[in-house]
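Participant: A single structure is presented below for examination.
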Amino acid sequence: MVSTLKPDSVGPSVFRSRVRASTLSLLIVGMGDLVSSLAWLHAGYGEGNPLFSWLANHGSIWFALGKVLFLAGPIAILEYARLFRPKAAELGTWLATLLYLALLSTHVRVVFGR
């Protein structure tokens with residue numbers, strides 16, 4: 001028996017959609033946070049978040065894995081929400097990006113004393 005399903009009709013639509021600028025922006029800010037945190041940790045600075053401090057004490061790999069998981073989880077939830085409430089998910093993604101960027105910029109100012 002031959003299947004009549006087209007390749008585009010198989011699987012959840014979240015895997016067929018294009019990457020949104022808001023999601024890419026959130027991912028870039030999160031990866032910037034990861035890279036800067038690793039650089040600061042290797043320069044002798046500490047991690048302020050107790051969970052990530054604990055992970056950093058177990059090595060850079062565990063720290064990076066924790067950061068990636070704590071970024072991927074919310075992005076996955078936002079992308080799932082986008083299937084049902086696209087405008088709300090888009091707004092939420094941009095809001096998360098702006099708040100994350102504000103927090104990251106605060107950390108940069110603290111480290112560099114500005």
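The numbers here are math on the coordinates, done by the rules we state, and not lab data. From a predicted model like this one, the values you see are computed outputs, not experimental measurements. FYI the Cβ positions are ideal-geometry reconstructions off the backbone, even for glycines, and counts take in every protein chain you see.
Participant: Being surrounded by fewer than 16 Cβ atoms within 10 Å (Cβ to Cβ), in a helix (DSSP H, G or I) and in contact (Cβ under 8 Å) with a residue 60 or more places away in the chain narrows it down to one of V108, V35, V68, so name that one.
Facilitator: Result: V108 is the single residue among V108, V35, V68 that is surrounded by fewer than 16 Cβ atoms within 10 Å (Cβ to Cβ), in a helix (DSSP H, G or I) and in contact (Cβ under 8 Å) with a residue 60 or more places away in the chain.
Participant: Continuing with the same structure: Of a type in the set (A, V, I, L, M) and in contact with a Lys or Arg (Cβ under 8 Å, 6 or more places away or on another chain): which single residue out of A43, A81, A89 fits that description?
Facilitator: Criteria check complete, one pass: A89.
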